[in-house]
Amino acid sequence: MRHPLLKNFVSFALPVIFLAVASMSLPRIAAFPPEWQVHLVSAPYLIFATLLLLSFHFNRGRVFCVALLLGVAYWSCRAFLQQGLVDFRTGMIYQSLAVLLPVNITLFCFLRERGVLTTAGRLRLAFLAGQASMVAWFVRYNYVEIQQFVGKELVVNPFLERFLIPQVALFLFLAGGLLIAGKLLVRPAPLESGMFGALLAAAVVCNWLTTEHIVPLFMGTAGLLLIISVVQDSHNMAYRDDLTGLPSRRALNEQLMGLGRQYSIAMLDVDHFKRFNDTYGHDVGDQVLRMVASRMQGVKGGGRAFRYGGEEFTILFPHRCVTDATPHLEEVRKSIADYQMKIRSADRPKDGQEGKKQRGAGNGDQTVSVTISIGVAESSDGSATPEAVIKAADQALYRAKHKGRNQVCT
C-alpha cells in the first residue's frame, strides 16, 4: 500500500472488525444446535494448534510463544474457571491470567524476532514455563499475599467497580494496548496488528469470564487474528523487498500476468552505483536505494513501483502509453537528482546531543546526490508480451546510459 494512513487504518481495522463480529455473534450462539456449541468449545484448540504449526513453519518465535500462552490460558479457563471465582485456587489462577496475558503479549510484541528453536527462542519458552511453574507454586502453597496485592483497589471510582478485572491488571491491559497501538502508528506490521487484536480479545475474556460462550468465542478470535497476521507477514516477506519496502520482482511477475492490451514498463537504474558503494560503503549504498525507492513510490499517473534487483527498479503503468508515462518518469528522475542526501561522518559522535551540535555548526556530515537513468517501452498494439516490453525498456535504459545518464529514453 502506498499511503501510510491507509496502512495504519488496516492495521487497526482488521482486529476491530473481527472483535466486533464476534460480539455481534454472541447473542446468536444460544440458538445453535447443541452439537454446534460443542464444536465452538473445541474450535479454539484446533485454531491454536494451527497457529503453532504455522508460526513454527515460518519460524515466528514471538507468535509461537503467544500462541502457547493463549492456548494454556484457554485450557485454564475451561479446566478451572467455568464456575467462576469460587475459591482461592480459582481466584489465583484468574488473577495470574489477567496479569500475565497483557504483560507477555506486550513484551513479545516489542521483542525482536529470534525464531523458535534458536537459543533465544528456547530461553523465551523457558521464560513462559517459569511463569507457569510460579503460578502453580502460588496456588499450591496458598500465597494469599500475592492475591491480595493483585486484587488491591488502586483508585476508588464507581466506574472501575464495574470491571471484573483487578485494577492492576486493567492498568496493564490499558498500558499494553497503548504501547502496541503507538508502535502500529509508527510502523504498521501484520504481526503487531494480530497481537493488538489478541490483547483486546484477552481483555474481553478476562472481564466477562463467566458470560456464556465468551471464552471460546473471543479466544478463538484471538487465534484467528494471529493466524491471519502470520500469513500476511509471510506473504510480505515473499512479495515485498525488505530493504526498500517496495513490492519485489515476484510481485511484479504476478502483476504482469494480469495486464491488458495497453501498458508501459519503465526500467530504472542508479547511475554509478558500484562506484558510490566503493567510495562510501554498502551502508550508505543501502540508504541510497531506500531514498530512490521512497521517491519512486510517489510516482503519479497510475504507476506502480517495484524493486527488480540490485540497483535496478521497475515502474509499471497499466493502461498507459509511453507518451502518458514519460512526464511522470521525468518527475521521478528530477526529484531524485535534486535530492541532497546527508552522509554521517565517520568521526561524528555517536551521542545524539553531540551529533545535533555538530549539525547545527555545519560540521560532521557530507552531502551527496545521485541520479538515475530510465528506459521505457510500451506494449504498442497489444501483441508484445510483457517480457518483450521489459527487454525493450532495458534497451532504452542502455541508450540512456550511453547518452550520458540522468535522463529518460524510449
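Note down the net charge around Y339, summing +1 for each Lys or Arg and -1 for each Asp or Glu among other residues with Cβ under 13 Å from its Cβ. Surrounding charge for Y339 is +3. With each label modelled as a point 7 angstrom along the Cα→C-beta vector, the Y280-W75 pair spans 5.4 nm. Restriction of the chymotrypsin sites (Phe, Trp or Tyr not before Pro) in region 66-167 to DSSP coil positions whose beta-carbon has at most 16 other beta-carbons within 10 angstrom yields Y141, Y143, F159, F163. In terms of the mean number of neighbouring beta-carbon atoms within 10 Å, the peptides 172-178, 248-254 order highest first as 172-178, 248-254. Taking 0.36 nm per residue of sequence separation and removing the Cα-Cα distance, the S23/R290 pair yields an extension gain of 91.9 nm. Each stretch of four or more DSSP H residues adds -39500 (n - 2.57); spread over every residue of the chain, this sum gives -21500 deg cm²/dmol at 222 nm. With a Förster radius of 60 Å applied to the beta-carbon distance between A337 and N142, the computed FRET efficiency rounds to 0.25. Note on M237/K152: beta-carbon distance plugged into 1/(1 + (r/R0)^6) with R0 of 30 Å gives a FRET efficiency of 0.10. Go through V103, G310, G130 and say which Cα lies farthest out towards the positive end of the charge dipole of the chain; charges sit on Cβ, +1 for Lys and Arg, -1 for Asp and Glu. Projecting each Cα onto the dipole axis, the largest value belongs to G310. Computed from the C-beta positions of Q262 and L46, the FRET efficiency with R₀ = 56 Å rounds to 0.70. The calculated P(r) of region 4-91, using every Cα pair and 5 Å bins from 0, goes 3, 11, 12, 16, 22, 18, 11, 5, 2, 0 in percent. Shown here for region 99-172: GluC sites (Glu not before Pro) in loop regions (DSSP other than H, G, I, E, B) with at most 11 other Cβ atoms within 10 Å, namely E153. Length gained on full extension, W36 to A175: 46.4 nm, using 0.36 nm per residue less the C-alpha separation. So which aspartates and glutamates pass the test for K403, namely a Cα distance under 13 Å, with those fewer than 8 places away in the same chain ruled out? Reachable aspartates and glutamates: D271.
Taking other C-beta atoms within 10 Å as the exposure proxy, E330, E192 rank E330, E192 from fewest upward. With the convex hull drawn over the C-alpha atoms of region 4-238, the volume per residue is 135 Å³. Quick one: which of K334/K401; K274/K300; K300/K334; K274/K401 span more than 20 angstrom between C-alpha atoms? From K334/K401; K274/K300; K300/K334; K274/K401, over 20 Å: K274/K300.
One way to sum up the overall shape of the chain is the equivalent ellipsoid from its Cα gyration tensor, whose semi-axes run 52, 27, 17 Å, largest first.
Within the same chain, aspartates and glutamates fewer than 8 places from K391 are excluded, and of the rest, those with a Cα less than 16 Å from its Cα are D269, E312, E378. How charged is the neighbourhood of S248? Take every other residue with its Cβ under 14 Å from the Cβ of S248, and add Lys/Arg as +1 and Asp/Glu as -1. Value of the local net charge: +1. Partners of K152 within straight-line reach, counting aspartates and glutamates whose Cα lies under 13 Å from its Cα and excluding those fewer than 8 residues away in the same chain: E161. Net charge dipole, the chain: roughly 600 debye, given to the nearest 20, about the Cα centre with Cβ charges of +1 for Lys and Arg and -1 for Asp and Glu.
Taking 7 Å steps out from each Cα toward its Cβ at E330 and L123 produces label points 5.8 nm apart.
Across the chain, C-alpha contacts under 8 Å between residues 6 or more apart give a mean separation that, scaled by the residue count, equals a relative contact order of 15 percent. Taken over region 135-243, the convex hull of the Cα atoms encloses 147 Å³ per residue. Each label point was placed 7 Å from the Cα along the Cα-to-Cβ direction; for Y398 and R89 their separation is 7.9 nm.
Each value in this text was obtained by applying a stated rule to the coordinates, not by laboratory testing. None of the values given here were measured: they were computed from a predicted structure. Cβ: placed from backbone, ideal geometry, glycine included. Neighbour counts: every protein chain shown.
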